[in-house]
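One structure is given here, and the rest of the page talks about it.
Just so you know, all these numbers are worked out from the coordinates, no wet-lab data involved. Predicted, not measured: the structure shown is a model, and the values here were computed from it. Here the Cβ positions follow ideal geometry from the backbone for every residue, glycine too, while neighbour counts run over all protein chains shown.
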Amino acid sequence: MRIALEPRPPSRWREVLMPFAAIAASLVLCGLLIIIAGANPFQAFAIMGEAAFAGKFAITETVARAAPLVLTGLAALVALRTRFWNIGGEGQLLVGAMAAAWLGARGDIPVPLLVPAMIVGAALAGAALAAIPGLLKTRLKVDEVVSTLMLNFIVMYLMMALLSGPWKDPVTGWTDSPDILMDAEFPVFWAGTRLHLGVLVAVIAVIVIGIVLKRTSFGLAMKVVGENPKAAHHAGLDVGRITFFAVLLSGALAGLAGAGEVGGTQFQVIASISPGFGYAGLVVAMLARLSAVGVIPAAVFLAAITTGADEMSRQTGVPFFIADAVQGLSLIAVLVAMTLARYRIRWRPSPKREAAS
Amino acid sequence: MSMLDIILDIGFFAAAIRLAVPLLLGTLSELVAERSGVLNLGIEGMMLAGALAGFATAHVTGSLWLGVLAALLLGALIGLLMALLVVILRLDQTVTGLGVTMAATGLVFFSYRLGFGESAVPPAITPFSTIPLPLLSDIPFVGPVLFNQYALTYIVYLLVPALAFFLFRTPAGLALRTVGENPKAAAGVGIDPIKMRILALMAAGALAGLAGAYLNLAAFGSFTFGIISGRGWICLALVVLGRWKPFACAGAALLFGAVDAFQLRLQTSGSVDLPYQLFLALPYVATLIVVIVNTRFAAAPAALMEPYDPEKR
């Protein structure tokens, strides 16, 4: 017997429903884990849903948590459009956070320019870091998977060195960066919640990236480069240049996520400023099937799982890490679903020897 | 202590070997997978799963060797799952490997917390002790460095020539390499590329699991969430540095074991007044340099990352 994949006739609704099927499958697996942990899965899911969505505080908290995921999701997606695997979102977010914290704590920037400087600075820092693997790939053909992963670790340790060295609090000895100025804190749109400027930045980014991908020649060029680099080259497109600019844009988006965390949530850099937002961005991009608008529900889903798992863990004792498991499982599930939407699985008797063709 | 004193010392070389062994096991794991044409980014997760399987089994049964067995089996099982996804369903190898690592990481952390709870003092096991080999360990310098090691280390010494012999001197090794270079041609001479890749990923998983288990069964004696912290990713670069050949990969792993031993000693020597995290970044910087320098010369298996579709002519 052998397994064969037979192409299905293309179906629009199947493509649209497939991420939901993947999420359902990962939630079923999650339910099994909850049973293994000795809790009632229906009760656990009810707690998670309530903690993530019931009431003003829960919803806004989930939305605020989704903002960095929207940005890292867009970052992964933009690079992937040109077939560049930017797994460096984590490092790019961290340099963005460091740039924002550095600018936000300076006393010499005029107050009205402080917040804009932090946002622009973070985006530039993210883009500058992404430029390294971008140049290595387009100029020297160095595989971006390893280079972006290594840069994540390098940046993380540099940040830790900064936090326990120059940024260490001389009095308390805490390894956090100095607090940003009051004027550098991102404005909040709804008093008593954490709906801050970073959330708006994320929404604007979705709109802008959506327009860039669909309506501009750069977006079209990215698509051509990603789908068929040879054809792009023959059509007179500079494949290296387009890829490089997409990577810069990707790094800038991840850097913005760092600005939001510093300016709107933590008001300083702490060692745990990113619980893997950069890596989660890849899951977001895949769940969104590489569409800019799809990034929002995908990010809200992962954010809800995290805020929900937090509360559920407190009440039932199921380990919080179930959220990480769901994240990984939903990524695998959406990849499988994407294939199943396009192919039918067939069992075929295997011919003992196939003639060479 | 000067820089020179740090490396001109038996203790340094012995430490370099100790630190090189898990990297070498991981590198051989990646080598087997890539020789069959599959890039295994699940390696980081497989190593972590192996580390927990080895630790938990040793903790419960009291037998370190049962821990080794459990790590091999769990690694092979994850390898089989990875094969299901990338060989049979032909999913993209990059993102699937990352997905396998993410899911494995989440499940490992979940299981550890479930099984061992949250305690201030992490549970520990008594790790393997070193076994000086009679006669060989008496050789000046070489003896204490190479032949006063863990039993697992001696097994790895044998594994390198064994894998080289398998790959380059046996029909099955030739079949594996052919599948990685040109699966269609392999199928033409009666080799089943699908079966070959599934087996290769299972072997790769088992080796990665062992690499992870070595870290707590031989080196640390306890399980921490950061026990692998990118060692699997480093192995991806070491395969390139080792040009997909077992002996060269062993050299690459040794070099990195030495880098790791050097940064550890630099941290503790106090001869350089810098935050210790800068030293921790050193292996990753070295890895980045390795991929940059080697990309130019490296010749990866021709069908690496190309799914094999038996129906495509």
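Numerical summary
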read-out	value
Chain A, helix-only ellipticity at 222 nm - DSSP H runs n ≥ 4, -39,500 (n - 2.57), divided by all residues, nearest 500	-23000 deg cm²/dmol
Long-range HN-HN contacts of B:I191 with modeled amide H, under 5 Å	none
Stokes-Einstein D (µm²/s) once Rh is taken as the Kirkwood radius of the protein assembly as shown over alpha-carbon pairs, at 20 °C in 1.002 mPa s	82
In order through the stretch B:92-102: 3J(HN,Hα) via Karplus (6.51 cos²θ - 1.76 cosθ + 1.60), integer Hz, x for Gly, Pro	4, 5, 5, 6, 5, x, 4, x, 4, 5, 4
Net length gained if the chain between B:L80 and B:S129 were fully extended (0.36 nm per residue, minus Cα distance)	14.4 nm
Span-rule helices in chain A, defined as complete DSSP H runs reaching 24 Å or more along the axis (Cα) with Kyte mean at least 0.0	A:12-36, A:56-81, A:111-140, A:144-164, A:197-215, A:239-260, A:295-316, A:322-342
Residue order, fewest to most beta carbons within 10 Å, for A:M156, A:M98, A:M48	A:M156, A:M98, A:M48
Restricting the stretch A:166-273 to GluC sites (Glu not before Pro) in coil, as DSSP defines it, with at most 11 other Cβ within 10 Å	none
Rel. contact order, % - alpha carbon contacts under 8 angstrom, at least six apart, chain A	37
Relative packing of B:62-75, A:195-208, which averages over residues the other C-beta atoms within 10 Å, highest first	B:62-75, A:195-208
Diffusion coefficient, µm² s⁻¹, Stokes-Einstein with Kirkwood Rh over alpha-carbon pairs of chain B at 4 °C and 1.567 mPa s	65
Calculated [θ] (222 nm, deg cm²/dmol) that DSSP helices of n ≥ 4 give over chain B, each run adding -39,500 (n - 2.57)	-22000 deg cm²/dmol
Inter-site label distance for B:A219 and A:H234 at 7 Å from Cα along Cβ, in nm	5.0
Long-range amide H partners of A:Y343 with built H, under 5 Å	A:R8
Whole-angstrom gap from the stretch A:81-102 to the stretch A:189-251, using each part's C-alpha centre	15
Charged-residue dipole, Cβ positions (Lys, Arg, Asp, Glu), the stretch B:3-295 about Cα centre, Debye nearest 20	720
Between the stretch A:106-173 and the stretch A:25-64, the alpha-carbon center distance in angstrom	34
Inter-chain shielding of A:157-168 (mean C-beta neighbours from other protein chains, 10 Å cut-off)	4
The stretch A:13-344: mean projected area of Cα convex hull, nm²	19.1
FRET efficiency for A:I345 and A:L32, using Cβ-Cβ distance with R0 set to 25 Å, rounded to 0.05	0.60
Contact order normalised by residue count of chain B, Cα under 8 Å, 6+ apart, percent	37
Nearest-0.05 FRET efficiency for B:F247 and B:I292, computed from C-beta distance (R0 25 Å)	0.60
Folded to 0 to 90 degrees: helix B:193-214 orientation relative to chain B principal axis, Cα	10
Pairs from B:K184/B:K245; A:K56/A:K214; B:K245/B:K312 whose Cα-Cα separation, in the structure shown, is over 28 Å	A:K56/A:K214; B:K245/B:K312
Cβ-derived FRET efficiency at R0 56 Å, A:V203 paired with B:S119, nearest 0.05	0.85
Most fluctuating residue given options B:F168, B:F13, B:F55, as computed from a GNM of chain B linking Cα atoms under 10 Å	B:F168
Spin-label model distance (nm) - A:L135 vs A:R83, 7 Å beyond Cα toward Cβ	2.5
